[in-house]
Amino acid sequence: MVKGLIWGILIGALLVIGGIFFYFATGRAPVAVTAPEMPFEHKMAHMALDAYLKKLPHPAPQVPADEKNLLEGAKVYKENCAVCHGLPGQSPTAIGEGMAPRPPQLFKGTGVTDDEEWESYWKIEGGIRMTGMPGFKGSLTETQIWQATVLVKNADKISATVRAELTPSSAVPAK
């Protein structure tokens with residue numbers, strides 16, 4: 001009886017694994033940005049991300065959220081992040097609209113202002129697989145990553161000067 005139970009569990013597990021393989025190998029899994037999500041895709045991705053982030057250290061910001069660092073963070077953000085995450089008062093870009101999942105617009109609603117700084121830091125530094133969010137470790141300094149972090153944490157309360165730094169440059173009129 002125990003032998004039959006073990007065989008049943010083994011065969012059941014192999015059938016599940018085979019079914020998942022068949023689903024992906026035959027092109028039934030959605031891969032286009034315009035295709036609907038796979039069952040439980042959103043929930044599983046967030047569950048994995050949350051579990052991963054909980055294992056990481058929770059450092060305090062290495063730069064204060066003062067005007068100087070917010071301005072520097074705005075420069076970093078404008079150059080590296082705005083193409084996907086948008087700018088204050090602007091419509092999402094075609095790149096941001098064409099991604100799946102859609103990147104959050106960080107200057108609309110709460111963005112990530114309700115996230116802890118350490119969480120945004122790790123997302124900026126390491127990126128997030130299968131989302132289009134690149135990791136910036138190696139291309140930005142740790143100070144720049146922290147400056148971008150304090151900017152997005154405080155995106156709902158930036159000064160007019162910082163907001164002006166984030167405003168797209170106006171085109172020079174032709175002569």
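The residues of region 18-34 that are open to solvent by less than 100 Å² (accessible area, probe 1.4 Å), over 20 Å from the mean Cα position of the chain (by Cα) and of a type in the set (A, V, I, L, M, F, W, C), listed by number, are Ile20, Ala25, Ala29. Enumerate the pairs (first residue in region 17-34 and of a type outside the set (D, E, K, R); second residue anywhere and part of a helix (DSSP H, G or I) and surrounded by 10 or more Cβ atoms within 10 Å (Cβ to Cβ)) with beta-carbon separation below 8 Å, excluding pairs fewer than 6 apart on the same chain, so at least 6 apart or on different chains. Partner pairs satisfying both residue conditions: Ala29/Tyr23.
Of all the residues in region 112-125, those that are among the polar types (S, T, N, Q) and open to solvent by 40 Å² or more (accessible area, probe 1.4 Å) number 0.
Does Gly135 satisfy being touching a strand residue (DSSP E or B) at 6+ places or on another chain (Cβ under 9 Å), more than 24 Å from Thr161 (Cβ to Cβ) and open to solvent by 50 Å² or more (accessible area, probe 1.4 Å)? I'd like the intermediate steps shown before the answer.
Working: touching a strand residue (DSSP E or B) at 6+ places or on another chain (Cβ under 9 Å): yes; more than 24 Å from Thr161 (Cβ to Cβ): yes; open to solvent by 50 Å² or more (accessible area, probe 1.4 Å): no.
Taking the combined requirement at face value, the residue does not satisfy it.
Of the residues Leu5, Leu15, Leu49, Leu10, the single one that is out of contact with any strand residue (DSSP E or B) (no Cβ under 6 Å at 6 or more places or on another chain), open to solvent by less than 50 Å² (accessible area, probe 1.4 Å) and at pLDDT 90 or above is Leu49. Residue-level check: of (1) part of a helix (DSSP H, G or I); (2) touching a residue at least 60 places away in the same chain (Cβ under 8 Å), Ala51 misses just (2).
Scan region 64-111 for residues that are surrounded by fewer than 20 Cβ atoms within 10 Å (Cβ to Cβ) and in a loop (DSSP other than H, G, I, E, B) and the total you get is 20. When Ile158, Ile128 are checked against the criterion of being surrounded by 14 or more Cβ atoms within 10 Å (Cβ to Cβ) and under 18 Å from Leu53 (Cα atoms), a single residue qualifies: Ile128.
The values are calculated or read from the model by the stated rules, or taken from the named source; none is laboratory data. Every value quoted in this text rests on a predicted model; they were computed, and no experiment measured them. We place every Cβ from the backbone using ideal geometry, glycine too, and count neighbours over all the protein chains shown. Please note that ligands, DNA and RNA were not included when accessible areas were found on the heavy atoms of the full protein model with its side chains. Shrake-Rupley method; radii C 1.70, N 1.55, O 1.52, S 1.80 Å.
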